[in-house]
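First comes the structure, then the notes that go with it.
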Amino acid sequence: MKELRIPIGTGGVLTRRSVIAGTAAAVGATWLMTNLSGCAVVGGAPGAIPLKFWHLLSGGDGIKMAGLVDEANSQNPSFFATQTVLTWGTPYYTKLAMASAGGRAPDVAIMHASRLPGYAPGGLLDPWDLDLLAHYGVTEADFPAPIWNAGKSEGRVFSIALDAHPFILMYNTDIAAQAGVLGADGQLIDISTPDQFVDVARKMQAVTGVHGLSYGYLGDGAQMWRLFYTFYKQLGATMTLEPGTEAVVDEDAAVTALEFMQLLLDDTIATASGDYATALAEFVNSGSGMFFTGVWELPTMVTAGLPFDARTIPTMFGTPAVYADSHAFVLPHQNDPDPVKREEVYVFVSQILKDSIAWAQAGHIPAFLPIVESPEYADLLPQAHYANAAEILNYDPQAWFTGSGSDFQTFFAENVQSVLLDKTDARAGFQGFVRRLNVLLSKPNPV
Amino acid sequence: MTTTVQSVAAAPRQASRPARRRHRENGTGWAFIAPFGVFFLLFLIVPVVGGIWLSFTGQTLTGRGGDFIGIANYAEALADSDMWRSIGNTIWFTVLSTVPLIVIALVMAVLVGLGLPGQWLWRLSFFLPYLLASSVVSLFWIWMYNPQLGLINSFLGFFGGEPVAWLQDPDVAMIAIVVTTVWWTVGFNFLLYLAALQNIPEQQYEAAALDGAGKWRQLFSITIPQLAPTTVLLVILQVLASLKVFDQIYQMTGGGPGGATRSTVEYIFEAGFTGYRFGYSSAISYIFFALIVIVSISQFTIMNRRGARS
Amino acid sequence: MSSQLLIEERSATSAHPPAFTRKPKKARITPAGVGAVLVLALLAIAWLVPFVWAVITSLKTETDAGSTPVTLVPASGFTFDAYAKVLGEGNVLTWTFNSLFTSVMITLITVVTSALAAYAFSRLDFSGRRWLYAVVIGAIIIPPQVLIIPLFYEMLTLGLVDTYWGIILPQVIAPAMVFVLKKFFDQIPIELEEAARVDGASRLRVFLTIVLPLSRAVLAAVSIFVFIAAWNNFLWPFIVTNDTALMTLPVGLQTVKSAYGVQYAQSMALAILAALPLIIVFLIFQRQIIKGIATTGLGGQ
């Protein structure tokens, strides 16, 4: 050890000392500030049961959710819920699964309903006690059937939906008026065929001089899947993914859907190479008249002060259908749940459902019918203009690997991006995706 | 390796061998070993053996599929293009990062070794990042690389350059990760070079000076050759460390965009925890382990041959 | 840089080493020397910029931090708001405590068990010593990254996921530290111990009263190395903790996000706060830490 003489700085002792003194002072100040604000850390009334609540909502949604949690806490002094936000998508779902497997999971969490098949059958979630839920005023009758059923797995209910958030069509009312595509009611004229949609888009393009439609998909499997699946389901097609067997798909319908998307991405109707952020910015800056997007972007438009309206994506292929998902409350598996705490979770969830008019302001369609049927919601525009989407929504095909933020969407992107960007053969692209699905289906279901 | 280990531990006198003692001390010996031994057994041997067992089963995170399935996992892994891509990414990262980590450290050490004023500042600047946790480093650099608000693109913009999507563009993401890694860990290599510089006998420089060799010449004829053992050692350490890369990649790009930066350890993590497949993930782990062992052995072989020659 | 002398010594016969040393007495600065300083300064700036930029950002308001064009001096002045917000949420202090607690425990257990084992390997003659030592040394090659899945599975079985012990126990095995310590113990003259043994002192007593006091430096080096490694470890604590109340600093920083979206000033304030403890420790124990990292880090590898 002696042989390794490590040279240590010689000069600058004074500097070093002063730096140390400086940092020490900073640390002291830090501790002081902490102690002063320490009381804010532990919240709730004395004796309030702490609830750990996980979700993946950030930005506009996160702020709204924080407000709902604060409201629920102040309404119910018996508990104090603390929200923890994790990175959206894979990191969140990976951690949720690990926490549930470990048995010391958070008390309540939000999941996408489409992810349920990857969690519930494997025992990673605990089922809801419907009687207890009814005791706190939440029953099956309070939800649209498709939304409620998306929370069921093997006959039991594992998730209680907070909302449905479909893929919708937003449009700039000023541009639409100039293009002459507004009806007498001030809303976009009826569109019932692909040609009519293209026609409307071209008219808007003539007004903006840039594009008629904004749609960002580059490097974003979720975006490609949302629009594709909307058209695919409008064509009346189905997709069945059963482990151990090959995927059952309607290839012709898929090709029709993809070729229509290719048609739209012609650099005139819409840019051929837009990503999510670019498309959003283009629509906000009136570079286009229409925008395929999720309801969650509604606050962005409101903030931007854009003259806009929104509607359910028009039925162009015969069958009314849109892609959607739901944020839903789940009970991550705990080895040893505290019954008192569990009951407080029911109070917490019922409270948030009853307050979910605030959630509707963020653009989402509340799942809780008493809210949707309330006069306040009917007055909420443009939310009320796409409320009917809740009746025709389609979740991802069920399999342990599908759902929002899953590998499924990544695989879709890997095979379909070149179809949309470079206009390669749609059939070959879709077949590549199906081959990938078949590889996954040939493996044993880990759940 | 040998050289440094000797320099670290070279004994002033040959240690007396315990074998000299007449009676054995089995009880005492095992009692001294016991605390370490228990942990060693429980948290190293058990997982090593357990991992081998897992790799022959279809075990999942949810507790299902614990049945023996033979070499199916290994067969699947060897045909898994994602695994090979992750190994390719890992090797690419190793190649890209090793050279700058050695060369920049050497430049830093030689310049600081000149004894210019400001010693404390130089040493602190170069070594400090090494003390940071990976999460801190990632936060710093995600911010530096921010396409709109980042300092790097602002700097480029100042000179009329186009903004670069450092972490979002598959063509540059790995380079961005390498730059961050060099910034983070070069301090360790710098430190070792600096230490090695101090050990070069002064007489060599004096003799060279007498022979009329200039300082620049001395650098190439004395300093760099004398640092060769350190360089070899650092290359070995660096390659082994780089092959195990996970933290900064997971934190900065999550393996993206489109898997362009996904390392092998990250693939192990994803296969096991995101895909729930413990058995399959264990199989990849052992394939990866085999790769590391092969790299280590070949490095030692090359080094020993070199050592024997010189 | 030209190939001329970097620094010219005033006296050629100086007793001081002519070049590449740290103490050039009365060196005359040549143009090349200036060039060297310039290169060094550029490197140092490049290495300090991410720090400085993080500090500057952390002292801005969120609006200033998120606005273009990027400015050094923010429009609405510098403020400690981001720090106050981050500290007000309380997570950082919990995580700092967790980091401190787990790192201290890991260091204690590792150093105590490794030192005992190393002493036994160095001095005690017991059956199985040779092969056991071979196994321990061989284990140095096993990368911990390879064991994440089986270790997590083991923790599931033992019910240790989301517990302090789950974080600590798998990190206390350091075969490389046993190696470093054994090599050191080998160097201690055996006569010192034999005298005590003749007086009837037990092995443990000899170890505690004679060997340990002589090994203070190496124990400090090992402790520092283990502590820093534990403090900065990400992968294992990240895998075994999901409960935010149990996370260490690196894990919490990476895992927990703000509900309000990306808050640039606050995330830089968090990063600075997380970096601070070790930087302060380093400034105080610079000498020991550098020595510790260089010696044990090397021996360890």
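Counting only residues that are among the β-branched types (Val, Ile, Thr), touching a residue at least 24 places away in the same chain (Cβ under 8 Å) and surrounded by fewer than 24 Cβ atoms within 10 Å (Cβ to Cβ), which one in segment C:173-199 is nearest to the other protein chains (Cβ to nearest Cβ)? It comes out as C:Ile190. Considering B:Leu291, B:Leu234, which residue is crowded, with 22+ Cβ neighbours inside 10 Å, touching a residue at least 40 places away in the same chain (Cβ under 8 Å), more than 9 Å from chain C (Cβ to nearest Cβ) and closer than 26 Å to C:Leu235 by Cβ? Result of the check over B:Leu291, B:Leu234: B:Leu234. Checking each residue in segment A:130-169 for being under 17 Å from the mean Cα position of the chain (by Cα) and closer than 18 Å to A:Thr312 by Cα picks out A:Ile147, A:Asp163, A:Ala164, A:His165, A:Pro166, A:Phe167, A:Ile168, A:Leu169. For segment B:262-278, a residue qualifies if it is touching an Asp or Glu at 6+ places or on another chain (Cβ under 8 Å), aromatic (Phe, Trp, Tyr) and within 11 Å of chain A (Cβ to nearest Cβ), but none of them does.
Looking only at segment C:258-273, decide whether some residue is assigned by TED's automatic domain parsing to the domain that holds C:Thr163 and touching a strand residue (DSSP E or B) at 6+ places or on another chain (Cβ under 6 Å). So far as segment C:258-273 goes, yes, one or more of its residues are assigned by TED's automatic domain parsing to the domain that holds C:Thr163 and touching a strand residue (DSSP E or B) at 6+ places or on another chain (Cβ under 6 Å). Of the residues making up segment C:257-272, just one is within 12 Å of chain A (Cβ to nearest Cβ), at pLDDT 90 or above and surrounded by fewer than 24 Cβ atoms within 10 Å (Cβ to Cβ), namely C:Ile272. If the requirement is being of a type outside the set (D, E, K, R), in contact with a Ser or Thr (Cβ under 8 Å, 6 or more places away or on another chain) and on the phi > 0 side of the Ramachandran plot, which of these qualifies: A:Gly209, A:Gly137? None of the others qualify; the one that does is A:Gly137.
On the stretch given as segment B:130-144, residues that are more than 7 Å from every other protein chain (Cβ to nearest Cβ) and surrounded by fewer than 24 Cβ atoms within 10 Å (Cβ to Cβ) total 2. The residue of segment C:101-134 that is surrounded by the most Cβ atoms within 10 Å (Cβ to Cβ), among those that are among the small types (Gly, Ala, Ser) and within 7 Å of chain B (Cβ to nearest Cβ), is C:Ala120.
Among the helices (runs of 4 or more DSSP H) confined to segment B:162-268, the ones with at least 2 residues that are among the aromatic types (Phe, Trp, Tyr) are located at B:173-198. Taking the conditions exactly as written (assigned to a strand (DSSP E or B) and either out of contact with any Lys or Arg (no Cβ under 6 Å at 6 or more places or on another chain) or on the phi > 0 side of the Ramachandran plot (or both)), does A:Ala324 satisfy them or not? When the stated conditions are applied, A:Ala324 passes them.
Number of residues in segment A:381-414 that are assigned to a loop (DSSP other than H, G, I, E, B), of a type outside the set (Asp, Glu) and either crowded, with 18+ Cβ neighbours inside 10 Å or within 14 Å of chain B (Cβ to nearest Cβ) (or both): the value is 12.
Filtering segment B:145-159 to residues that are more than 26 Å from C:Trp231 (Cβ to Cβ) and more than 7 Å from every other protein chain (Cβ to nearest Cβ) leaves B:Asn146, B:Pro147, B:Gly150, B:Ile152, B:Asn153, B:Phe155, B:Leu156, B:Gly157, B:Phe158, B:Phe159. Take the conditions (1) in contact with a Phe, Trp or Tyr (Cβ under 9 Å, 6 or more places away or on another chain); (2) part of a loop (DSSP other than H, G, I, E, B); A:Pro46 misses just one of them, which is (1). A search for C-beta distances below 7 Å between a residue of segment A:124-145 that is closer than 21 Å to A:Asn76 by Cβ and any residue that is surrounded by 15 or more Cβ atoms within 10 Å (Cβ to Cβ) and of a type in the set (Ser, Thr, Tyr), counting only pairs 6+ apart in sequence or on different chains, returns A:Leu132/A:Tyr346; A:Leu133/A:Tyr346; A:Tyr136/A:Tyr346; A:Tyr136/A:Ser350; A:Gly137/A:Ser350; A:Val138/A:Ser350. Screening segment A:67-158 for helices (runs of 4 or more DSSP H) wholly inside it with 1 or more residues that are among the hydroxyl-bearing types (Ser, Thr, Tyr) returns the ranges A:90-102.
Only one of the numbered conditions (1) closer than 18 Å to C:Val86 by Cα; (2) surrounded by fewer than 19 Cβ atoms within 10 Å (Cβ to Cβ) is not met by C:Thr30, and that is (1).
Condition check ((1) closer than 27 Å to C:Ala44 by Cβ; (2) crowded, with 17+ Cβ neighbours inside 10 Å; (3) in contact with a helix residue (DSSP H, G or I) (Cβ under 8 Å, 6 or more places away or on another chain); (4) modelled with pLDDT under 90) across all residues:
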| position | (1), (2), (3), (4) |
| --- | --- |
| B:Asn146 | yes, yes, yes, yes |
| B:Pro163 | yes, no, yes, yes |
| B:Met174 | yes, yes, yes, no |
| B:Val186 | yes, yes, yes, no |
| B:Pro229 | no, yes, yes, yes |
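Taking the criterion of being part of a helix (DSSP H, G or I), surrounded by fewer than 19 Cβ atoms within 10 Å (Cβ to Cβ) and either of a type in the set (A, V, I, L, M, F, W, C) or within 10 Å of chain B (Cβ to nearest Cβ) (or both), the only residue of segment C:57-89 that qualifies is C:Ala84.
Being within 14 Å of chain A (Cβ to nearest Cβ), under 13 Å from the mean Cα position of the chain (by Cα) and assigned to a helix (DSSP H, G or I) is a description that applies to C:Ile290. It is to be established whether one or more residues within segment B:8-31 are surrounded by 15 or more Cβ atoms within 10 Å (Cβ to Cβ), under 29 Å from the mean Cα position of the chain (by Cα), at the interface with another protein chain (Cβ under 10 Å from one of its Cβ atoms) and at pLDDT 85 or above. No: segment B:8-31 contains no residue that is surrounded by 15 or more Cβ atoms within 10 Å (Cβ to Cβ), under 29 Å from the mean Cα position of the chain (by Cα), at the interface with another protein chain (Cβ under 10 Å from one of its Cβ atoms) and at pLDDT 85 or above. Of the helices (runs of 4 or more DSSP H) contained entirely in segment B:34-120, those carrying at least 2 residues that are more than 14 Å from chain A (Cβ to nearest Cβ) and touching a Ser or Thr at 6+ places or on another chain (Cβ under 7 Å) fall at B:81-113.
The values are calculated or read from the model by the stated rules, or taken from the named source; none is laboratory data. In this text the structure is predicted, and so the values were computed from the model without any measurement. Virtual Cβ from ideal backbone geometry, glycine too; neighbours counted across all protein chains shown.
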